[in-house]
Amino acid sequence: MKMSYYYTIHLFILVSVSTSLNGICQADPTDGFTRLPLNDDNIKLQKPYNEPLDDRYSFDDGVRKLWVYTNDKPYKQGSPTRPRTEVRINGYDYSSGIWQFEGYAYVPKGTSGVTIMQIHGARQGATTLQLRIYNGDLKYYKFDVIEKNLYDKWFRVNVIHNVDEGELTVFINGIKKYVKNDQGPGDLYFKCGVYAAPAGSSKYMESRWKGIKIFKK
């Protein structure tokens with residue numbers, strides 16, 4: 001009886017330690033990837049064409065703050081698209097291989113119906129991926145919920161696009177949250193900021209970004 005008791009306690013300790021170590025040693029999404037250099041030439045800004053940049057964007061102490069109003073103009077005259085203020089990663093367009101975007105995002109309460117990160121380009125349609133905020137929840141377009149309750153906090157976003165396998169993987173705070181087939185190869189590139197959804201956008205939309213990085217495998 002005593003042997004059985006001590007064996008049970010010993011087994012419990014081993015399982016607990018093993019579980020803790022697995023949590024500590026969980027692979028980072030960037031493991032095995034090569035970080036690519038980013039400089040000012042790689043950061044292209046898009047904003048309502050009739051507004052000064054300083055009225056829709058700021059960059060202080062490493063934090064990029066981007067905002068837009070639902071009745072703003074598009075990024076260029078004649079465009080049928082919704083208003084946006086976005087960082088477009090320039091110089092790293094891709095159509096094959098395995099690529100990764102990383103950044104830390106912050107969305108204030110009240111911002112809703114807005115894409116905060118996207119992969120532009122696809123075989124069919126304009127985008128391969130849109131990560132949207134609706135009432136504090138992060139969604140794949142307007143459909144699947146990826147993570148809940150993200151208002152008023154910094155959270156890490158990693159998106160891996162394996163073009164050759166046609167697969168997208170989204171990590172939030174280093175944890176895999178979502179896997180989805182992509183929209184087919186195309187002229188692809190990463191963007192982040194605020195881009196009003198086709199419907200249901202709040203009057204004011206804002207996101208903040210820091211630590212933006214691009215990786216390739």
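Here is how the numbers come out for the structure above:
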{"item": "Calculated from backbone phi, Karplus (6.51, -1.76, 1.60) coupling profile of segment 114-124 in Hz, x at Gly/Pro", "result": "8, 7, 9, 8, 8, 10, 8, x, 5, 5, 10"}
{"item": "Under-5 Å amide H pairs with ILE43, H placed in peptide plane, nonlocal only", "result": "ASN90"}
{"item": "Proxy reagent accessibility, fewest Cβ within 10 Å first, across SER96, SER201, SER112", "result": "SER96, SER112, SER201"}
{"item": "Relative contact order computed over the chain (Cα-Cα under 8 Å; 6+ residues apart), in percent", "result": "28"}
{"item": "Packing-based exposure ordering (other Cβ within 10 Å, fewest first) of ILE119, ILE175, ILE89", "result": "ILE175, ILE89, ILE119"}
{"item": "Selection from GLY166, GLY211, ALA197, by position along the positive dipole direction of the chain (Cβ)", "result": "ALA197"}
{"item": "Sequence of LEU168, LEU53, LEU45 once ranked by neighbouring C-beta atoms within 10 Å, starting from the fewest", "result": "LEU53, LEU45, LEU168"}
{"item": "Length added when fully stretched, ASP60-TYR151, from 0.36 nm per residue minus Cα-Cα", "result": "30.7 nm"}
{"item": "Most mobile listed residue (PHE171, PHE101, PHE33) in the chain, GNM with C-alpha springs under 10 Å", "result": "PHE33"}
{"item": "Cα-based equivalent ellipsoid, segment 29-216: semi-axes from gyration tensor eigenvalues, Å", "result": "23, 18, 17"}
{"item": "Under 5 Å, built H, 5+ apart or other chain: amide partners of THR30", "result": "none"}
{"item": "Crossing angle, helix 2-24 versus the chain [Cα axis fit, 0-90 degrees, rounded to tens]", "result": "20"}
{"item": "q = 0.15, 0.20, 0.24 Å⁻¹: log10 I(q)/I(0) that the Debye formula gives for segment 47-107, counting C-alpha atoms only", "result": "-0.61, -0.92, -1.06"}
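Rule-based calculations on the coordinates, nothing more; no lab input. These figures come from a predicted structure and were not determined experimentally. Don't worry about glycine lacking a Cβ; one is built from the backbone with ideal geometry, like all the others, and counts go over all protein chains shown.
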